[in-house]
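**Q** Sharing a structure here in structure tokens format.
The values are calculated or read from the model by the stated rules, or taken from the named source; none is laboratory data. Note that the coordinates shown come from a computational prediction; the quantities given were computed from them, not determined experimentally. Don't worry about glycine lacking a Cβ; one is built from the backbone with ideal geometry, like all the others, and counts go over all protein chains shown.
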Number of protein chains: 4
Amino acid sequence: MTRVRGYFHPKTATGDASLIPPPPWRYSGDLLTVEYRTDPARVRELLPQPLELADEDPGAVALIWADWQSCAASGRELLDPVLAQYKEAFAVVRCKYDERTYTRCVYIWVDKDFAIARGLHQGYPKKLGSIHQTRPHPYGPAPRIEAGARFGATLAAADRRLAQAVVTLREPSPTNGFVNGHPMAHHRWLPSIEKGGGLALDELVESGAAAFEGGQPWVGEAELELFDAPTEELARLEIHEPIAAYYQQVGVVWDGGRLLASRVSGAQ
Amino acid sequence: MTRVRGYFHPKTATGDASLIPPPPWRYSGDLLTVEYRTDPARVRELLPQPLELADEDPGAVALIWADWQSCAASGRELLDPVLAQYKEAFAVVRCKYDERTYTRCVYIWVDKDFAIARGLHQGYPKKLGSIHQTRPHPYGPAPRIEAGARFGATLAAADRRLAQAVVTLREPSPTNGFVNGHPMAHHRWLPSIEKGGGLALDELVESGAAAFEGGQPWVGEAELELFDAPTEELARLEIHEPIAAYYQQVGVVWDGGRLLASRVSGAQ
Amino acid sequence: MTRVRGYFHPKTATGDASLIPPPPWRYSGDLLTVEYRTDPARVRELLPQPLELADEDPGAVALIWADWQSCAASGRELLDPVLAQYKEAFAVVRCKYDERTYTRCVYIWVDKDFAIARGLHQGYPKKLGSIHQTRPHPYGPAPRIEAGARFGATLAAADRRLAQAVVTLREPSPTNGFVNGHPMAHHRWLPSIEKGGGLALDELVESGAAAFEGGQPWVGEAELELFDAPTEELARLEIHEPIAAYYQQVGVVWDGGRLLASRVSGAQ
Amino acid sequence: MTRVRGYFHPKTATGDASLIPPPPWRYSGDLLTVEYRTDPARVRELLPQPLELADEDPGAVALIWADWQSCAASGRELLDPVLAQYKEAFAVVRCKYDERTYTRCVYIWVDKDFAIARGLHQGYPKKLGSIHQTRPHPYGPAPRIEAGARFGATLAAADRRLAQAVVTLREPSPTNGFVNGHPMAHHRWLPSIEKGGGLALDELVESGAAAFEGGQPWVGEAELELFDAPTEELARLEIHEPIAAYYQQVGVVWDGGRLLASRVSGAQ
């Protein structure tokens, strides 16, 4: 009687081949955040019921670039860094569920398979993309984290550029923005294997950081551009009004979440 | 009251951003297949209950390289081919469930995100890899599909080579091998979002081609090598005895499968 | 007294590490060609003296996608196909030198380092890009080479799409176009290592295929789009009038060229 | 009379498409250096005459990983960081020419085309590779630069891993090693376009940093492994005796070099 092991596929006798080890998952990285307001109707159309628009500033969007090194409990991925390093760009909005305010990731691109797998678990709607952001450095032409420093960030997928930003830092900030500041409310969806069978998995889940440490956030201005593409809808979140841009270095631990609601055999 | 659209994430008002459109999914491609026998115990350890070893030739393995162009019903992906083309390498074994023989994919690597998404739906345990196989061509130094023709095939993941083969064709064959010739029996697993919560999705599903056309298969010999890697277990399927190697060009349609068994809240 | 070996860098005791082996270089591949007319002034500005505009149809441009398998004399690269396969997209114009008409490649993108190295030798101004083109296939949804068949082709570099085309075949053609039909006239330039030192290498070279075989060319129509990018100038070759589009499968041998003119210590 | 512009190919009316702008080239980056001794005969076989083995410690090798952000005078590449960021791994030895000691890069892999182009100019024998190194970070599981910190580094090319190292820092160091501490003596070679024509370019050039700033170097121990590959010879520089390993963050400017010797029409 065989019992296979592994947190994720492929499951094997030892579990060593699992695309990802079990949480806790630990991260070191740099976050470049650009906040702006769009038409709240464009946010609402991305919120399946029972999620509703946030009461306050419902059209606020944050487009965030992150440059990560990540690992599970043992940390051994850090020493074979192709297994630890990845970059991502993602768009978050806020929403309301059961009278609480949540952050929700509506689009996200990453550049590694283990990041896709963690996203499936956490309900992030991940695709592959090509993501770049200027890194701070203490020597040479790259910027320090200081007033006047400029950081570029770009996103492409399927050989098309989808977004680009240049952020100029102005001063230290008490926060790293507000759109990405709530617990995440995500769906985990998988269609039934049977044609016309609706959803086999239809969960609303909540999660957030189990631990967090971070450096001084900086605030500044961004020039942000979004570009159309046939199979992407990021640019529908049109930029109506800039809010601000932020830079912060952080350490994060993620260690599971909570099921808010589950529905099976629902119409898809 | 919002209703989001899209077969897969991200779900939106239009569904245009969905990582994959709904089936039917259609494929044109070349299959290079290397069959060999391993220790049946190494197959058994990859078969979670209630799957059992196949009655006949239970240690047979096929390692298959495929070079695909794929699309959904409209076929428009073919005209923006970064959205249609992908390569994969995968290992299949046979197993028995409810007195029927099935094929089961135990390891698979692909090089595009839409292929990962289709695999999640179909129960293929996909990772990203770098996959190459010699293509037949009517002119110049590349091989024709004919006696004596030689095709190379390689697989790498996480910057390590995992497998390589050189196949020499001998003669036309009545079959394209036997290991990959049954309906597929796959699991669709996703852990609960809650720590220690077991599996949120634990399905055994069956699927196969809804339509198939193919050219003349050719049979020959392979030199096959498998390489160890810290986060891969393909090489545990040690090569005890070569069976044969095959080459075939095919057209396939996949259009959904059937749920064989489902268990929820199972211990993981 | 050491003598290092190898046709190209890095040179070693054995020569095995050379990025490319010596010619002859042999190619199997598919060519998708889109010909159109631009303002001849945009062609002239890319022709350094003593090259002049071609007498006839001087504004003709061909934008060509090619999907190659390549090797040197032994052919062993074909069996480790990551060393043989590459894709390219390139723009050619015609020019006149010493009363003869030549083809000249003005822009080219490839996706492998060995292709960059061969281009340095041959005078192709290669950059890295991401290149895709629909492949003909005998089964499934991919096109056959026949009337009405449609092939897509795309080019991106530095995460920006630079060009895309959809070609619809109409009928067999006596030619594969005319812009790419002459010997190539290319420059091989390398700046002096010394600041302000002009060029250390400034050669005008001619080369062409040492052997050629090909299938039936097909002609049809193309929808072609070019896109601006900050570090690219392909889109300056504006599309004023379409000519035609072509598809052909070919086998080619390249085995060296001829020095037309050399100038050293020239002002850069 | 047309005059094309651009420091490198492709040369155009504006020069904007040049793969690289003219020096000065400026760099911010992290260097992870592993020094060891090999058989001096293996170094000598890589030194074409008139280069000779260094008088002292002639078998010393440094294998160096570097994670760079780079730009030309304007610095604009830093804001579209796909044009600025690259990684490299390279092996250097020392040699003697005209009674002076030089450093010489014998193998090098990079992951961007602009880095290949700069290498052609500077005489670095660049190939494409996949290079990763752990980055220091002030928060989370990634290491700080401090006693006991561990950094991994890996190199692959053509889908094969060529080298990997794990470095453990011990203490601040007065130097960042000694093998990479001299001016560079490199060859710039290009074969004649004519078959059997020897070399069209055969220069011995010297260059070094025009400006340098750096943080505190740290020294420690490395576990280093080299792997064989059919088209690579790095592993011939066998590890006979470890010396030490180093970590340093630096800023560098490169602004041209000096021609030491030039030979034309030499037998290749």
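Conditions tested, residue by residue: (1) surrounded by 20 or more Cβ atoms within 10 Å (Cβ to Cβ); (2) farther than 24 Å from D:LEU79 by Cα; (3) without any contact (Cβ under 8 Å) to a residue 40 or more places away in the chain.
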residue: A:GLY177; (1), (2), (3): yes, no, no
residue: A:HIS182; (1), (2), (3): no, yes, no
residue: A:HIS186; (1), (2), (3): yes, yes, no
residue: A:LYS195; (1), (2), (3): no, yes, yes
residue: A:LEU199; (1), (2), (3): no, yes, no
residue: A:GLU225; (1), (2), (3): no, no, no
residue: A:ALA235; (1), (2), (3): no, no, no
residue: A:ILE239; (1), (2), (3): no, no, no
residue: A:ALA244; (1), (2), (3): no, no, no
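**Q** Out of (1) crowded, with 18+ Cβ neighbours inside 10 Å; (2) within 29 Å of C:PRO138 (Cβ to Cβ), the odd one out for B:ARG170 is which?
**A** That leaves (1) as the condition not met.
**Q** Take C:TYR102 and decide whether it is of a type in the set (Phe, Trp, Tyr), in a strand (DSSP E or B) and over 10 Å from the mean Cα position of the chain (by Cα).
**A** Against the criterion (of a type in the set (Phe, Trp, Tyr), in a strand (DSSP E or B) and over 10 Å from the mean Cα position of the chain (by Cα)), C:TYR102 qualifies.
**Q** May I ask you to verify whether D:VAL43 is assigned to a helix (DSSP H, G or I), β-branched (Val, Ile, Thr) and touching a residue at least 12 places away in the same chain (Cβ under 8 Å)?
**A** Yes.
**Q** Can we say B:ALA209 is aliphatic (A, V, I, L, M), surrounded by fewer than 18 Cβ atoms within 10 Å (Cβ to Cβ) and in contact with an Asp or Glu (Cβ under 9 Å, 6 or more places away or on another chain)?
**A** In short, yes.
**Q** Evaluate the following for C:GLY29: is it touching a Ser or Thr at 6+ places or on another chain (Cβ under 6 Å) and either under 20 Å from C:ALA84 (Cβ atoms) or of a type in the set (S, T, N, Q) (or both)? Full working, then the answer.
**A** Values: touching a Ser or Thr at 6+ places or on another chain (Cβ under 6 Å): no; either under 20 Å from C:ALA84 (Cβ atoms) or of a type in the set (S, T, N, Q) (or both): yes.
Here the answer is no, as C:GLY29 does not meet what is asked.
**Q** When you check D:GLY148 against the structure, is it out of contact with any helix residue (DSSP H, G or I) (no Cβ under 7 Å at 6 or more places or on another chain) and at the interface with another protein chain (Cβ under 7 Å from one of its Cβ atoms), yes or no?
**A** For D:GLY148, the condition - out of contact with any helix residue (DSSP H, G or I) (no Cβ under 7 Å at 6 or more places or on another chain) and at the interface with another protein chain (Cβ under 7 Å from one of its Cβ atoms) - is not met.
**Q** Residues to consider are B:LEU31, B:LEU63, B:LEU78; find the one that is of a type outside the set (Lys, Arg) and within 18 Å of B:ASP113 (Cα to Cα).
**A** Every option except B:LEU78 fails the conditions.
**Q** Return the only residue of C:ARG37, C:ARG42, C:ARG76 being surrounded by fewer than 22 Cβ atoms within 10 Å (Cβ to Cβ) and within 13 Å of chain B (Cβ to nearest Cβ).
**A** Only one candidate passes the filter, namely C:ARG76.
**Q** Still on this structure: Among the numbered conditions (1) within 18 Å of the chain's Cα centre (by Cα); (2) within 16 Å of C:LEU155 (Cβ to Cβ), tell me where C:ALA229 comes up short.
**A** The number of the failed condition is (1).
**Q** Counting only residues that are touching a residue at least 60 places away in the same chain (Cβ under 8 Å) and not hydroxyl-bearing (Ser, Thr, Tyr), how many does the range C:204-214 have?
**A** Residues meeting the conditions: 4.
**Q** Suppose the filter is more than 10 Å from chain B (Cβ to nearest Cβ), touching a His at 6+ places or on another chain (Cβ under 8 Å), farther than 26 Å from A:LEU128 by Cβ and not hydrophobic (A, V, I, L, M, F, W, C); does C:PRO191 pass it?
**A** Criteria met by C:PRO191.
**Q** Among the residues in the range A:211-220, are any in a strand (DSSP E or B), under 26 Å from A:LEU260 (Cα atoms) and in contact with a strand residue (DSSP E or B) (Cβ under 9 Å, 6 or more places away or on another chain)?
**A** yes
**Q** Do we find that A:ASP159 is under 30 Å from B:GLU77 (Cα atoms), free of Cβ contacts under 8 Å to residues at least 12 places away in the same chain and within 14 Å of chain D (Cβ to nearest Cβ) in this structure?
**A** Yes: the conditions hold for A:ASP159.
**Q** For the range D:16-28, which residues satisfy the criterion of being more than 14 Å from D:LYS112 (Cβ to Cβ), among the aliphatic types (A, V, I, L, M) and in contact (Cβ under 8 Å) with a residue 24 or more places away in the chain?
**A** The answer is none; no residue qualifies.
**Q** Something else now. Test C:SER70 against the criterion of being within 14 Å of chain B (Cβ to nearest Cβ), closer than 29 Å to C:THR134 by Cβ and not acidic (Asp, Glu), and give yes or no.
**A** Considered against the rule, which asks whether it is within 14 Å of chain B (Cβ to nearest Cβ), closer than 29 Å to C:THR134 by Cβ and not acidic (Asp, Glu), C:SER70 comes out as yes.
**Q** Which one is nearest to the other protein chains (Cβ to nearest Cβ), of the residues in the range D:1-34 that are in a strand (DSSP E or B) and among the small types (Gly, Ala, Ser)? Break it down into steps so the answer makes sense when it comes.
**A** Just the residues of the range D:1-34 that are in a strand (DSSP E or B), to begin with: D:5, D:12, D:25-34.
Now restrict to residues that are among the small types (Gly, Ala, Ser): D:28-29.
On the way: D:SER28: 3, D:GLY29: 7 Å.
Here the residue is D:SER28.
Table: residues versus (1) under 28 Å from B:PRO136 (Cα atoms); (2) modelled with pLDDT of 95 or more.
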residue: C:ARG135; (1), (2): yes, yes
residue: C:ILE193; (1), (2): no, yes
residue: C:GLY196; (1), (2): no, no
residue: C:GLU213; (1), (2): yes, yes
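**Q** Check D:ASP39, D:ASP30 and return the single one that is modelled with pLDDT of 95 or more, under 23 Å from D:GLU99 (Cα atoms) and not polar (S, T, N, Q).
**A** Exactly one residue qualifies, and that residue is D:ASP39.
**Q** Select from the range A:79-96 the residues that are more than 8 Å from every other protein chain (Cβ to nearest Cβ) and without any contact (Cβ under 8 Å) to a residue 60 or more places away in the chain and write down the one among them that is farthest from the chain's Cα centre (by Cα). Please lay out each step first, then the result.
**A** Keep residues of the range A:79-96 that are more than 8 Å from every other protein chain (Cβ to nearest Cβ), which gives A:86-96.
Subsequent filtering for residues that are without any contact (Cβ under 8 Å) to a residue 60 or more places away in the chain retains A:86-88, A:90, A:96.
On the way: A:TYR86: 12, A:LYS87: 10, A:GLU88: 7, A:PHE90: 5, A:LYS96: 18 Å.
Looking at residues that are more than 8 Å from every other protein chain (Cβ to nearest Cβ) and without any contact (Cβ under 8 Å) to a residue 60 or more places away in the chain, I get A:LYS96.
**Q** Is it the case that the range D:128-142 has a residue that's over 30 Å from D:ALA54 (Cβ atoms), at the interface with another protein chain (Cβ under 9 Å from one of its Cβ atoms) and aliphatic (A, V, I, L, M)?
**A** Yes, the range D:128-142 has at least one match.
**Q** For the range D:56-99, which residues satisfy the criterion of being assigned to a helix (DSSP H, G or I) and among the β-branched types (Val, Ile, Thr)?
**A** Matches in the range D:56-99: D:VAL82 only.
**Q** Does the range A:105-119 hold any residues that are within 12 Å of the chain's Cα centre (by Cα), farther than 13 Å from A:LEU51 by Cβ and of a type outside the set (Ser, Thr, Tyr), and which are they?
**A** A:ILE108, A:TRP109, A:VAL110, A:ALA115, A:ILE116, A:ARG118, A:GLY119
**Q** Something else: Can you tell me how many residues within the range A:147-165 are of a type in the set (A, V, I, L, M, F, W, C) and surrounded by fewer than 20 Cβ atoms within 10 Å (Cβ to Cβ)?
**A** 2
**Q** Applying the selection to the range A:222-266, what residues are over 30 Å from B:VAL82 (Cβ atoms) and either in a helix (DSSP H, G or I) or within 14 Å of chain D (Cβ to nearest Cβ) (or both)?
**A** Pass one, the range A:222-266, residues over 30 Å from B:VAL82 (Cβ atoms): A:240-266.
Correct list: A:ALA245, A:TYR247, A:GLN248, A:GLN249, A:VAL250, A:GLY251, A:VAL252, A:VAL253, A:TRP254, A:ASP255.
**Q** Which residues, taken from the range D:97-111, are touching a Leu at 6+ places or on another chain (Cβ under 8 Å), without any contact (Cβ under 8 Å) to a residue 60 or more places away in the chain and either surrounded by fewer than 22 Cβ atoms within 10 Å (Cβ to Cβ) or farther than 13 Å from D:TYR86 by Cα (or both)?
**A** Within the range D:97-111, D:ASP111 is the sole residue that qualifies.
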